[in-house]
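The values are calculated or read from the model by the stated rules, or taken from the named source; none is laboratory data. Because the structure is predicted, anything quoted here is derived from the model rather than measured. Using ideal geometry, Cβ is built from the backbone for each residue, glycine included, and neighbour counts are taken over all protein chains shown.
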Amino acid sequence: MCKVLRVSRSSFYSWLMRKPVKRDIENQDLFVRIKKIYEKSKGTYGSPRIALALFEEGIYVSRPRVARLMKQQNLKSIIRKKWVVTTDSRHNYPVVENKLNREFTVTGTGLVWVSDITYIKR
């Protein structure tokens, strides 16, 4: 493998025996805290909120660093769509008369047609 990657054996073994860098240790500790906050929020917090939560715990870390660590571990916030109001009752259009008046029993097919507008959260 060393020949293929054009790395000397001594360099490989030196890298293999090297102690972890301080930054890597900090990142591991930070990731554990990030994951804890992420799971506590049920996956809804993104990097800005997690950085703020860490700040409240007394851990001063930048939002881009939190975002980078979240991306490395494939943590993505759940983005919910905002509720859009589609009904506008304040209009001057004529309202159709309710001819059925909640009497749903009919004698034959095709005599009464009804419809329903139902909002289903996806």
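Meeting the requirement of 1 or more residues that are surrounded by 11 or more Cβ atoms within 10 Å (Cβ to Cβ) and touching a strand residue (DSSP E or B) at 6+ places or on another chain (Cβ under 8 Å), no helices (runs of 4 or more DSSP H) wholly within segment 22-105 can be named. Restricting attention to segment 9-45 and to residues that are touching a helix residue (DSSP H, G or I) at 6+ places or on another chain (Cβ under 8 Å) and in contact (Cβ under 8 Å) with a residue 24 or more places away in the chain, the residue that is farthest from ILE78 (Cα to Cα) turns out to be ASN27. Taking the stated definitions as given, is PRO64 farther than 24 Å from GLU26 by Cα and of a type outside the set (Phe, Trp, Tyr)? No. Among the residues of segment 30-52, not a single one is over 20 Å from the mean Cα position of the chain (by Cα) and at pLDDT 90 or above.
Checking the structure you have, find out if any residue of segment 79-102 is modelled with pLDDT of 85 or more and under 15 Å from the mean Cα position of the chain (by Cα). The answer is no; no qualifying residue exists.
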